[in-house]
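**Student:** Attaching a single structure in structure tokens format; questions to follow.
The values are calculated or read from the model by the stated rules, or taken from the named source; none is laboratory data. Worth saying up front: this structure is predicted, and the values here are computed from it rather than measured. Counting neighbours? That spans all protein chains shown, and the Cβs are built from the backbone with ideal geometry, glycine included. Side chains are part of the model used for accessible areas, which takes the heavy atoms of the whole protein and leaves out ligands, DNA and RNA. Shrake-Rupley method; radii C 1.70, N 1.55, O 1.52, S 1.80 Å.
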Amino acid sequence: MDDALIVIAGATGDLGGRIARAILERGGSVRAIVRQSSDPDKVEALRKQGATIAEVNYNDAPELTKACQGGSCVVSALSGLRDVIVETQASLLDAAVSAGVPRFIPSDYSIDFTKLPPGTNRNLDLRREFHQRLDRAPIAATSILNGMFAHLLTGEAPVVLFKFKRVLYWADADQLLDFTTMDDSAQFTAAVALDSSAPRFLRIAGDQVSARGLADIASQVTNDRFKLFRAGGLKRYERLIKLARSVSPQPDAVYPPWQGMQYMHNMFSGHAKLEPLDNDRYPGMKWTRVRDVLAARRP
């Protein structure tokens, strides 16, 4: 299916742009659905790479359906809260079905929220809510679960604390955590988009490393000794999350601090662990290890 037409929503975003590029590199065709308000420079960059552009109003069902026509798969890389993850994706899903597109890839790209109790992660609960609509739709779907984007370890995720030469963890220093780079996630998604036999769920991890393993790797790549720092157990973490949410709720923010805390709690609990992995589904995929990510961060 190298000549397949893949319709992508969210292609002007970081992950979506990488997915579009990866599909084009694999010989597929890309139609990027963009809004009138989309960054014109990013739209032009997609066009120069070889993507065709469909400017649409997501509230205009016939227009959105037309943008999906002829596609073999619709890929969503949309990011946001309920209005986007549930409602806008539902509009995109309805358009894909109306246009006769056989396959849909939702914007999941996360830890395995199907194993989590509802209420433990706001953003992942929204994905769970959308799945209720997706699983009722007459279309084949594939969700891609990739753990945490590995680049977050170099700064945004408070785990590897380079300044203090510490690796912060909760509960168990030996709990394995799943990490995948954004590029690897995009490459895998491109392969899935071009794979008409892809199943409902695919789970990947470029690397699986515990807090203890992170300390060892950080020590090796920096030539400094990183020590473990246990911040407490999971019950204490839950109390801190509730406190952070009450002090600074930021209900309209996609990634407020307490949302990141919820994600880390889910990872250290082990409940959202990705298994079994589907890393070997597409021969030729080369996975970036955590060691490579941390070494690239070194000054």
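**Student:** Kindly establish whether residue 136 is open to solvent by 20 Å² or more (accessible area, probe 1.4 Å), under 30 Å from residue 237 (Cβ atoms) and charged (D, E, K, R).
**Tutor:** Spelling it out, it is not the case that residue 136 is open to solvent by 20 Å² or more (accessible area, probe 1.4 Å), under 30 Å from residue 237 (Cβ atoms) and charged (D, E, K, R).
**Student:** Can you find a residue that is among the aliphatic types (A, V, I, L, M) and free of Cβ contacts under 8 Å to residues at least 24 places away in the same chain anywhere in the range 251-262?
**Tutor:** yes
Conditions (1) in contact (Cβ under 8 Å) with a residue 60 or more places away in the chain; (2) closer than 27 Å to residue 124 by Cα, marked per residue:
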residue	(1), (2)
31	no, no
41	no, no
46	no, no
57	no, yes
80	yes, yes
86	no, yes
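**Student:** So, one more: Against the condition of a type in the set (A, V, I, L, M), out of contact with any Ser or Thr (no Cβ under 7 Å at 6 or more places or on another chain) and part of a helix (DSSP H, G or I), how does residue 93 come out, does it pass?
**Tutor:** yes
**Student:** Now for a separate question. So residue 179 fits all but one of (1) assigned to a helix (DSSP H, G or I); (2) of a type in the set (A, V, I, L, M, F, W, C); (3) buried (at least 19 other Cβ atoms within 10 Å of the Cβ); what number is the exception?
**Tutor:** (1)
Yes/no matrix, rows are residues, columns are (1) over 27 Å from residue 235 (Cα atoms); (2) assigned to a helix (DSSP H, G or I):
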residue: 153; (1), (2): no, yes
residue: 157; (1), (2): no, no
residue: 173; (1), (2): no, no
residue: 187; (1), (2): yes, yes
residue: 190; (1), (2): yes, yes
residue: 199; (1), (2): yes, no
residue: 221; (1), (2): yes, yes
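**Student:** Additional query: When you go through (1) within 24 Å of residue 109 (Cβ to Cβ); (2) open to solvent by less than 60 Å² (accessible area, probe 1.4 Å) one by one for residue 250, which number turns out not to apply?
**Tutor:** Here residue 250 meets the rest and fails (2).
**Student:** Here is a follow-up. Is it the case that residue 237 is surrounded by 12 or more Cβ atoms within 10 Å (Cβ to Cβ), of a type in the set (Phe, Trp, Tyr) and under 30 Å from residue 197 (Cβ atoms)?
**Tutor:** no
**Student:** Mind checking which residues of the range 5-36 are open to solvent by less than 10 Å² (accessible area, probe 1.4 Å) and in a strand (DSSP E or B)?
**Tutor:** 6, 7, 8, 9, 30, 32, 33, 34
**Student:** Say whether the condition of being open to solvent by 30 Å² or more (accessible area, probe 1.4 Å), in contact with a His (Cβ under 9 Å, 6 or more places away or on another chain), acidic (Asp, Glu) and in contact (Cβ under 8 Å) with a residue 12 or more places away in the chain is met by at least one residue in the range 270-291.
**Tutor:** no
**Student:** Please go through the range 281-294 and pick out each residue that is within 25 Å of residue 174 (Cβ to Cβ) and either at pLDDT below 95 or not hydrophobic (A, V, I, L, M, F, W, C) (or both).
**Tutor:** Scanning the range 281-294 gives 288, 289, 291, 292.
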